[in-house]
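Participant: Questions regarding the structure given below will be posed in turn.
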Amino acid sequence: MLWYCRFKWHTHTTVDALRRRILEQDKAGTNHPERIRGWYDLAGGGAGFMLIDTDEPRELTDMLQPYMDLLSWDVHAVAEQPSYEGIVESFRRSLAE
């Protein structure tokens, strides 16, 4: 399952604190880079989102919890669409019925 994980820095979070935490969690093996399909920072910093692929919500929670004192998370399950053309064709078939 694909998860949209929007994050926003808490007001006390510093770039150095976040960098240290990322490196600590990387060393501990809890970041699971193989599950991160995309990592996007918003222009100006302090917020962004990640796309994380995991079958179990518990696995996702285990990845995000080590950052909860530095970041707030807004998480949603997402359904990937096959392609624009596939979607439009399915709409045509639905409306033709």
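The values are calculated or read from the model by the stated rules, or taken from the named source; none is laboratory data. Small disclaimer: the values here were computed from a predicted structure and weren't measured. Virtual Cβ from ideal backbone geometry, glycine too; neighbours counted across all protein chains shown.
Participant: Just to check your reading of the model, which residue among ARG19, ARG93 is surrounded by 10 or more Cβ atoms within 10 Å (Cβ to Cβ), without any contact (Cβ under 8 Å) to a residue 24 or more places away in the chain, of a type in the set (Lys, Arg) and in a helix (DSSP H, G or I)? Before you say what the answer is, go through the steps one by one.
Facilitator: Numbers: ARG93 fails: surrounded by 10 or more Cβ atoms within 10 Å (Cβ to Cβ).
The unique qualifying residue is ARG19.
Participant: Next up: Do you know which residues across the range 1-14 are surrounded by 10 or more Cβ atoms within 10 Å (Cβ to Cβ), out of contact with any His (no Cβ under 9 Å at 6 or more places or on another chain) and at pLDDT 95 or above? Working first, answer last.
Facilitator: To start, the set of residues in the range 1-14 that are surrounded by 10 or more Cβ atoms within 10 Å (Cβ to Cβ) comprises 1-10, 13-14.
Narrowing further to those that are out of contact with any His (no Cβ under 9 Å at 6 or more places or on another chain): 1-2, 7-10, 13-14.
The answer is LEU2, PHE7, LYS8, TRP9, HIS10, THR13, THR14.
Participant: While we're looking at this one, here's another question. Can you name the residue in the range 22-47 that is of a type in the set (Asp, Glu) and either under 15 Å from TYR67 (Cα atoms) or surrounded by 15 or more Cβ atoms within 10 Å (Cβ to Cβ) (or both) and, of all such residues, is nearest to the chain's Cα centre (by Cα)? Even if it seems obvious, please write down each step before you answer.
Facilitator: Step one: list which residues in the range 22-47 are of a type in the set (Asp, Glu), which gives 24, 26, 34, 41.
So of that shortlist, the ones also either under 15 Å from TYR67 (Cα atoms) or surrounded by 15 or more Cβ atoms within 10 Å (Cβ to Cβ) (or both) come out as 24, 26.
On the way: GLU24: 19, ASP26: 16 Å.
Ranking the qualifying residues of the range 22-47, first place goes to ASP26.
Participant: Moving on. Which ones in the range 38-90 are outside any loop (DSSP other than H, G, I, E, B), of a type in the set (Val, Ile, Thr) and in contact with a helix residue (DSSP H, G or I) (Cβ under 9 Å, 6 or more places away or on another chain)?
Facilitator: Here is the first cut: in the range 38-90, the ones outside any loop (DSSP other than H, G, I, E, B) are 38-41, 47-53, 57-67, 71-78, 84-90.
Filter once more, so that each one left must be of a type in the set (Val, Ile, Thr): 52, 61, 75, 78, 87-88.
ILE52, VAL75 - these are the residues of the range 38-90 that are outside any loop (DSSP other than H, G, I, E, B), of a type in the set (Val, Ile, Thr) and in contact with a helix residue (DSSP H, G or I) (Cβ under 9 Å, 6 or more places away or on another chain).
Participant: Kindly indicate the residue of the range 67-97 that is of a type in the set (Val, Ile, Thr) and under 18 Å from LEU51 (Cβ atoms) and also modelled with the lowest pLDDT among those meeting that condition.
Facilitator: In this case the residue turns out to be VAL78.
Participant: When both residues are 6+ apart or on different chains and their Cβ atoms are under 8 Å apart, which pairs have a first residue that lies in the range 26-48 and is touching a residue at least 40 places away in the same chain (Cβ under 8 Å) and closer than 18 Å to THR11 by Cβ, and a second that is surrounded by 10 or more Cβ atoms within 10 Å (Cβ to Cβ) and hydrophobic (A, V, I, L, M, F, W, C)?
Facilitator: ALA47/PHE7; ALA47/TRP9; GLY48/PHE7; GLY48/TRP39; GLY48/LEU42
Participant: Looking at the structure I just gave you, is ASP69 farther than 20 Å from VAL15 by Cβ, touching a residue at least 24 places away in the same chain (Cβ under 8 Å), out of contact with any Asp or Glu (no Cβ under 6 Å at 6 or more places or on another chain) and acidic (Asp, Glu)? Spell out how you get there, then give the answer.
Facilitator: Values: farther than 20 Å from VAL15 by Cβ: no; touching a residue at least 24 places away in the same chain (Cβ under 8 Å): yes; out of contact with any Asp or Glu (no Cβ under 6 Å at 6 or more places or on another chain): yes; acidic (Asp, Glu): yes.
So ASP69 fails the test.
Participant: Now a separate question. Within the range 1-16, can you find the residues that are over 12 Å from the mean Cα position of the chain (by Cα) and outside any strand (DSSP E or B)?
Facilitator: If the condition is that a residue be over 12 Å from the mean Cα position of the chain (by Cα) and outside any strand (DSSP E or B), then HIS10, THR11, HIS12, THR13, THR14, VAL15, ASP16 are the ones that fit.
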